[in-house]
Amino acid sequence: MFSILGLGFLLVAGVFAGAVFMALRGSAQLDLARVIGDAGAAIAKAPVQFCGLAVVGAGLPLGSMLLLVDAVPAVTLDAATGIGANLLAMLAFLAWYQFFLLSMVATTLAAFDERARLGVVVAAALPVVPKALLVSLLYWLAVGIGFSFFIVPGVILACVWMLVLPVLVEERPTLFAAFGRAARLSRGARWQLFLLAVLGFVFGVVAQVMLGALAALLGGGVAAQIAFALASSLLGMVPPALVASAYRQIVTVREGPRRHELEKIFA
């Protein structure tokens, strides 16, 4: 048992070290320190909006689900009805969460230009929800199939298309054009994007373990579970902010400032 855990730890450490090495060897199209700093600055410019979107988008549905599981007695349904109800509930949750994920991406992009007002963000995110839902389903289907083939193809696809949501929010392309645009933007910066994903994953795991331990110390009751869900949802605002920041930096380096950025410079 301990030997398996040790091998797993060595494998994770090796992957992390390899990612660091390859990212440092890569082109200077993506500065990870700047990406992280810009994401933090965007959150600092609109902390109430970020926290509100994260809590309402992820924490509220998850907390409500936990309450319903504990408070509502089990209802016996036939197999077809149960499957249909579960699928509808899952689709509704995914659409709900997708809107708030897009909103956090839009808030990050808007915060760089001092335009992070809630109305502007909702107007940018809401029309994209149906397309983003399809994009996310296709993305995770392709990545899941890739992971089934010895993991590596899934990791590659995840890095190739990592910027697809910011592309949808900012550029409004068609469904498959969004994947092509994301792939073109990530070319030459995929090792840096992989390292960014690894850092985010490690941070998320450590934070989740700490929150889980704290919830266990509080007794593990319904209140502790809801607090855990809300705290976990606040962590959910970090990945979209990082991805949006990476998108903005790559586009700016390769294509120059966007039109609204030029308007701000010459205002």
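Annotations
- Qualifying residue in region 171-178 (condition: touching a residue at least 40 places away in the same chain (Cβ under 8 Å), under 19 Å from residue 237 (Cα atoms) and within 17 Å of the chain's Cα centre (by Cα)): no
- Look at region 140-155: where a residue is open to solvent by less than 40 Å² (accessible area, probe 1.4 Å) and a partner is of a type in the set (Val, Ile, Thr), sitting 6+ places away or on another chain with Cβ atoms under 8 Å, you get 146/152; 146/155; 146/156; 154/143; 154/145.
- Hits in region 184-194 - residues which are open to solvent by less than 20 Å² (accessible area, probe 1.4 Å) and part of a helix (DSSP H, G or I): 185, 186, 192, 193
- For residue 162, the conditions (1) out of contact with any Lys or Arg (no Cβ under 9 Å at 6 or more places or on another chain); (2) in a loop (DSSP other than H, G, I, E, B); (3) surrounded by 15 or more Cβ atoms within 10 Å (Cβ to Cβ) are fulfilled apart from (1).
- Helices (runs of 4 or more DSSP H) contained entirely in region 25-96, each with at least 3 residues that are modelled with pLDDT under 65 and surrounded by 11 or more Cβ atoms within 10 Å (Cβ to Cβ): 60-71
- Residue in region 250-267 that is at pLDDT 70 or above, among the aliphatic types (A, V, I, L, M) and surrounded by 18 or more Cβ atoms within 10 Å (Cβ to Cβ) present: yes
- Figure legend. Inter-residue proximity from region 98-121: first residues in contact (Cβ under 8 Å) with a residue 40 or more places away in the chain, second residues among the hydroxyl-bearing types (Ser, Thr, Tyr), beta-carbon distance below 6 Å, spacing 6+ or different chains. Indicated pairs: 116/107; 121/103; 121/107.
The values are calculated or read from the model by the stated rules, or taken from the named source; none is laboratory data. This one's a predicted model, so the numbers in the text were calculated from it and none came from an experiment. Positions of Cβ are backbone-derived with ideal geometry, glycine not excepted, and every protein chain shown enters the neighbour counts. Surface accessibility is based on the protein's heavy atoms, side chains included, excluding ligands, DNA and RNA. Shrake-Rupley method; radii C 1.70, N 1.55, O 1.52, S 1.80 Å.
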